[in-house]
Amino acid sequence: MIKPRLQAHRGVSSSYPENTITAFRAAVEEGYDIIELDTKYTLDGVCVIFHDRTLMRRCRTTDGEK
């Protein structure tokens, strides 16, 4: 029987901020086989781990303001 492989989408993003080292470490500690992460390039050519095209979703105040 083939054992299914477990994938942590952006780390353990249900408990930690997605695409962070904390979320990735939690995935390792919880025994996930694969950690999926998202990469983007900034305008000056630097590769970063980030999902969205812009910072808008992640750069809001706790009450949702920009």
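Residues in segment 38-50 carry Karplus couplings, in order, of 10, 10, 9, 10, 6, 4, 8, x, 8, 7, 10, 8, 6 Hz; the curve used is 6.51 cos²θ - 1.76 cosθ + 1.60 with θ = phi - 60°, and Gly or Pro positions show x. Placing a label point 7 Å from the Cα of Ser15 along the Cα-to-Cβ direction, the residues of segment 24-38 with a backbone N closer than 17 Å are 24-36.
None of the figures in this text is laboratory data; all of them are computed from the coordinates on show. Here the structure is a predicted model, which is why all the values come from computation and not from measurement. Heads up, the Cβs are rebuilt from the backbone with ideal geometry, glycines too, and the neighbour counts pull from every protein chain shown.
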